[in-house]
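Just so it is clear, none of the values below were taken in a lab; they were calculated from the coordinates. Model, not experiment: these values are computed from the prediction. Positions of Cβ are backbone-derived with ideal geometry, glycine not excepted, and every protein chain shown enters the neighbour counts.
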Amino acid sequence: MSLDLSKVVKQISDMVAQFASHRQERNDRIDRALEILFSHANKLDSLKKKIALSKTTWLVAEPVNSIDLHIPLPETPSDFTVIATDGSHIDVDRHHATRCYLINIGTVELRYGSRPDASLDSEPVIYSNDDDLVIASPDGLREVPIEGNLLGIKRSLEECRRLSEMAAVLPSGCAALGLMDGSLILWNLEAYPEFVAESLLEKRFLTYLEEISRSALDKQLAVASYISFPRSADVTNLLRVAVCPRESVDSDRCSSCMTRECAQINGVFDRELFARLLKPGERSGLFISPSKIQRRYGKHQVYFFYLRINGEIGRVEIPRWVAEDKSKVDLVHSLIVDQCRRGQGYPIALSEAHEKAVVTGADRDNFWRMVDESLAEERLPVTESEKSRSKRTRWI
């Protein structure tokens, strides 16, 4: 039976009314956050020192520049190329006897300027070998199945792999941007054993980023990821540290603090802060992401900045070797703004890569039907759980 929407109409109305009643309070919090930002804008060294001394359970961005920077849109090159990848997948289905999964990577290359061109493609790959289905510890005593969140990480690796292959064949001397969707930080790996992180991060993801950096040696090439409507609060948390009256912050002891000045800006997202600070086309200064897993990234440590595209604030993540080259940061800035203008607010290369990668519910059903039919043709057993069978059966 489908959702009975008539039973939630009143609940929706109550929820919206509650949002409206809290709107002014939220605006006051954003105003207070801006006050703190401006009052600490010229205290970069003391802020870094205080962050280093603090212990928090929440992520605190490390500023690279003055935190009130708003940098105007740089000039866009006359000739440039944008390459992008995005992925989708069909997860392992425990209700089917056949253990396998599929990853579909969409690829886009858009060339602008004197010789415009476009190339769009997709690459679906089925993974069914034992080595593809699990990650085993070096001693062979533990195995972690590649499914769910871990399969999502594996898909991100494949997106980066294809981007590195595309970057490698770009002509020397060209100006180019490689784009991925989402974060460059593989946050979810922190929940897995060490051997999983080593296999997926050091041996694969960072290797692909290293290949892209080598491709950039003879061309003006940068790589970045774009996050639309981000929910991060790393910079707001920086302001919470800044306003705390203690010399160093220990979030475990915050409950005993009588002033709790940081509570005045709790719940404010970075995007709300920079929506007030940045004009359309402008970017913020650079910040370093504080994730623990970043310690393993080396030269690919993730920096980020915020970018205003008309009414939206996007988060742009770049590896350190890009962040330390101002010309590359300017290239990322100008080309993402250009892509968003062409894509009505979102980078058009990523939109097209998504369209090539997307796997629909009908695609999943057809995929499993084809698997079952192929098994039947080879006279192999085709089994599925009773739960799976019942979902396809109309009882009433």
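Tabulated values for the structure
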| read-out | value |
| --- | --- |
| Intensity falloff of the stretch 191-317 expressed as log10 I(q)/I(0), Debye formula with alpha-carbon point scatterers, at q = 0.10, 0.15, 0.21 Å⁻¹ | -0.46, -0.91, -1.19 |
| Alpha-carbon Rg with Dmax, taken over the stretch 96-186, Å | 17.1, 58 |
| Ranked list, fewest to most other Cβ atoms within 10 Å of each Cβ, for R115, R240 | R115, R240 |
| Rounded to whole Å, sorted largest first: equivalent-ellipsoid semi-axes of the stretch 245-369, Cα gyration tensor | 34, 22, 18 |
| J(HN,Hα) series, the stretch 359-365, from Karplus relation 6.51 cos²θ - 1.76 cosθ + 1.60, nearest Hz, glycine and proline x | 10, 8, x, 5, 4, 5, 4 |
| The chain: calculated mean residue ellipticity at 222 nm from DSSP helix runs of at least 4, using -39500 (n - 2.57) | -11500 deg cm²/dmol |
| Length added when fully stretched, A136-E194, from 0.36 nm per residue minus Cα-Cα | 19.8 nm |
| Nearest-ten-degree value, helix 9-21 long axis tilted from longest Cα axis of the chain | 20 degrees |
| Within the chain, longest stretch clear of exposed GluC sites (Glu not before Pro) (DSSP loop, no more than 13 other Cβ within 10 Å) | 76-246 |
| Length gained when the stretch N366-S128 is fully extended (0.36 nm per residue, less Cα-Cα span) | 83.9 nm |
| Mean separation of Cα contacts under 8 Å, 6 or more apart, over the residue count of the chain: relative contact order % | 24 percent |
| Gain upon complete extension [E210, V169; 0.36 nm per residue less C-alpha separation] | 13.2 nm |
| On Cα atoms only, tilt of 149-168 relative to the major axis of the chain in degrees | 80 degrees |
| Among S291, S54, S21, residue whose mean-square fluctuation peaks in a GNM of the chain (springs only between Cα atoms under 10 Å) | S21 |
| Dimensions (Å) - the stretch 70-119, Cα atoms, principal axes, largest first | 56, 34, 8 |
| S374-S21 FRET efficiency (beta carbon distance; Förster radius 56 Å; 0.05 resolution) | 0.45 |
| Reduced Cα scattering model of the chain, Debye log10 I(q)/I(0), q = 0.13, 0.15 Å⁻¹ | -1.20, -1.36 |
| Entries in K49/K299; K55/K203; K50/K299; K219/K279; K49/K292 that, when Cα-Cα distance is taken, lie over 28 Å | K55/K203; K219/K279 |
| Relative contact order [Cα under 8 Å, 6+ residues apart], the stretch 259-342, whole percent | 25 percent |
| Cα→Cβ-extended label distance, 7 Å offset, between R99 and N266, nm | 4.5 nm |
